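Enquirer: Would you mind keeping the following structure in view while I ask a few things?
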Amino acid sequence: MPFSPTSISWPGTRAVLLVHGIGRASAAGDAAFPLETLKRALGAHGEDVAVYTFNYDFINDWLVRKTGLADGIRQLKNVLRVKMGNDEAAGTIADYAGDVLWPVLSADLRLAIRDAYIAQLIQIHLDCGVSALERGDDPLDYQTSIVAHSLGCFHTYETLWATALEPTHRLRPASNLFQLQSVWLMASPVQLIRSVAADIRPIVPDIDTLSCVARPLGIPCEAMGARNTMCTDQFIAVTGSQDPVGGHILGSKQDWAYMNLGGQQTVIQPQHLTNVSDRASLAAALRIAATGGGATGVAVEDPHSWTRYIENEAGRLREVILA
């Protein structure tokens with residue numbers, strides 16, 4: 001079905017766009033998003049914030065596309081396995097991370113998501129202007145933040161580069177004064193994708209359309225003369241010490257997988273998973289977490305949990321978004 005951006009009349013002067021991390025979030029609707037967790041994080045003034053959500057439910061053949069890319073997904077996971085140690089545990093960790101990364105193997109899929117994402121940003125910009133002008137306010141006093149998780153961080157990175165560089169969208173931070181208040185990337189796989197894409201370049205279609213590969217990694221910005229205007233006032237990268245998608249294994253930062261952009265504010269949340277002390281036990285925990293307990297009936301804390309990231313950053317989220 002075609003994508004239709006959400007429009008909201010802002011109750012106050014702030015808005016947040018939540019960007020989902022995996023496909024087929026539509027099966028759960030708004031339940032796929034940590035809306036109540038965000039509301040609690042924002043506290044008493046949360047009701048004054050317009051909250052938008054963005055997922056990929058307009059792509060109604062998501063699983064069909066994944067099935068059609070089975071060979072490429074196997075190659076992607078094999079590269080991850082080698083990079084992660086090439087043992088049995090690495091295979092499980094690679095499966096876990098690979099299930100996040102596979103959409104980069106479909107140009108149609110990722111470009112469709114980017115176009116829809118841009119359409120939603122345009123609508124948010126329009127809603128901002130209408131809401132402000134109806135109250136006699138200056139729209140520049142109204143601010144939008146993005147809070148993305150997992151693969152949603154990749155789509156956010158790619159989309160913000162597209163809006164910063166392409167005049168037709170009228171969302172450039174300098175020329176069009178479209179500058180976000182804050183961008184939160186939680187467990188970003190941007191560096192992970194850049195590293196793996198280099199090893200599987202022949203099977204990544206239209207790889208030059210990937211900003212995370214085609215240019216040095218950096219906060220999306222618009223160059224005007226000698227000055228670069230960033231897409232946001234604050235670019236905040238949050239990950240956990242046990243989250244392989246965010247570039248960590250057993251508390252060890254993997255430089256090839258960890259996103260570290262110049263100018264980003266870095267938060268690494270300490271994670272202590274129960275009964276996890278080595279690679280094998282981490283792999284077992286990830287396997288159970290990926291299935292929500294599965295046949296074992298055992299609940300295991302997921303180090304990749306979006307809800308937990310927001311809970312742990314509640315104070316900082318409130319301070320930045322409501323500033």
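Enquirer: For the range 203-274, what does the alpha-carbon gyration tensor say about shape, rounded, prolate or oblate, given a ≥ b ≥ c as the root eigenvalues, a/c under 1.5 as rounded, and a/b over b/c as prolate? Walk me through the numbers before you get to the answer.
Expert: On the way: a/c = 3.36, a/b = 1.53, b/c = 2.21.
Oblate.
Enquirer: Roughly how big is the chain's charge dipole about its Cα centre, with Cβ charges of +1 (Lys, Arg) and -1 (Asp, Glu), in debye to the nearest 20?
Expert: Numbers: 25 positive and 33 negative charges, 115 e Å.
Magnitude of the dipole: close to 560 debye.
Enquirer: Same structure, new question: Among all the lysines, which ones have a C-alpha under 24 Å from Lys83's C-alpha, if same-chain residues fewer than 8 places away are not counted?
Expert: Lys66, Lys253
Enquirer: Quick one: accessible area per residue over the chain, 1.4 Å probe, rounded to a whole number of Å²? Could the numbers behind the result be given before it?
Expert: On the way: 13760 Å² over 323 residues.
For the chain, the per-residue accessible area is 43 Å².
Enquirer: Report the charge-dipole magnitude of the range 166-250 in Debye, nearest 20, computed about the Cα centre from +1 at each Lys and Arg Cβ and -1 at each Asp and Glu Cβ.
Expert: Values: 6 positive and 7 negative charges, 37 e Å.
Approximately 180 debye in magnitude.
Enquirer: Could you please put His272, His169, His45, His125 in sequence from largest to smallest accessible area, using a 1.4 Å probe?
Expert: Numbers: His272 150, His169 50, His45 115, His125 70 Å².
So, going from the largest accessible area down, we get His272, His45, His125, His169.
Enquirer: Rolling a 1.4 angstrom probe over the protein chains, ignoring ligands and nucleic acids, what is the accessible area of Lys39 in square angstrom, nearest 10?
Expert: Accessible area, nearest 10 Å²: 90 Å².
Enquirer: Counting pairwise Cα distances across the range 70-161, what percent come out greater than 14 angstrom? All intermediate terms of the calculation are to be shown ahead of the outcome.
Expert: On the way: 3052 of 4186 pairs.
In whole percent, the share of Cα-Cα pairs in the range 70-161 beyond 14 Å is 73.
Enquirer: Continuing with this model, one more query. Order Ile249, Ile8, most accessible first, counting only protein heavy atoms with a 1.4 angstrom probe. Please list the in-between numbers first.
Expert: Numbers: Ile249 15, Ile8 45 Å².
Largest accessible area first, the residues go Ile8, Ile249.
Enquirer: Calculate, in whole percent, how much of the Cα-Cα pair population of the chain lies beyond 39 Å.
Expert: Working: 5165 of 52003 pairs.
Here the tail beyond 39 Å accounts for 10 percent of pairs.
Enquirer: What value does the range 26-182 have for Rg/Rh, both radii from Cα atoms and Rh as Kirkwood defines it?
Expert: Values: Rg = 18.9 Å, Rh = 18.2 Å.
That ratio is 1.04, to two decimals.
Enquirer: Quick one: Cα centre-to-centre distance for the range 51-85 and the range 140-179, in angstrom?
Expert: Cα centroid to Cα centroid, the span is 24 Å.
Enquirer: Oh, and also: I'd like to compare 199-206, 256-263: which one has the highest average count of other Cβ atoms within 10 Å, and what's the full order after that?
Expert: Details: 199-206: 14.4, 256-263: 16.6.
The densest-packed peptide leads the list: 256-263, 199-206.
Enquirer: Normalised by the empirical 2.2 N^0.38 Å for globular proteins, what value does the Cα Rg of the range 1-119 take?
Expert: Values: Rg = 17.7 Å, N = 119, 2.2 N^0.38 = 13.5 Å.
For the range 1-119, the normalised Cα radius of gyration is 1.31.
Enquirer: Angle, helix 107-134 long axis vs. longest principal axis of the chain, Cα atoms, 0 to 90°, nearest 10?
Expert: Approximately 30 degrees, to the nearest 10.
Enquirer: Quick query: amide H of Phe235 versus all other amide H atoms, modeled in the peptide plane; which residues come in under 5 Å with a sequence gap of 5 or more or a different chain?
Expert: Residues meeting the criterion, in which the H sits 1.01 Å from N, are Val183, Gln265.
Enquirer: Keeping every protein chain in place, order Arg14, Arg215, Arg170 by accessible area at 1.4 Å, biggest value first, i.e. largest first.
Expert: On the way: Arg14 35, Arg215 70, Arg170 160 Å².
Highest to lowest solvent-accessible surface, that is Arg170, Arg215, Arg14.
Enquirer: With an 8 Å Cα cut-off and a minimum separation of 6 or more residues, compute the relative contact order for the chain in percent.
Expert: On the way: 556 pairs, mean separation 64.5, N = 323.
Rounded, it is 20 percent for the chain.
Enquirer: Considering amide H positions built from the backbone, and no H for Pro or chain starts, which residues 5 or more places from Val16, or on another chain, come under 5 Å of its amide H?
Expert: Ala50, Val51, Tyr52, Ser145
The values are calculated or read from the model by the stated rules, or taken from the named source; none is laboratory data. Given the structure is predicted, the values throughout are model-derived calculations rather than measurements. Positions of Cβ are generated from backbone atoms using ideal geometry, with glycine treated the same way; all protein chains shown enter the neighbour counts. Heavy atoms of the whole protein, side chains included, go into the accessibility calculation; ligands, DNA and RNA do not. Shrake-Rupley method; radii C 1.70, N 1.55, O 1.52, S 1.80 Å.
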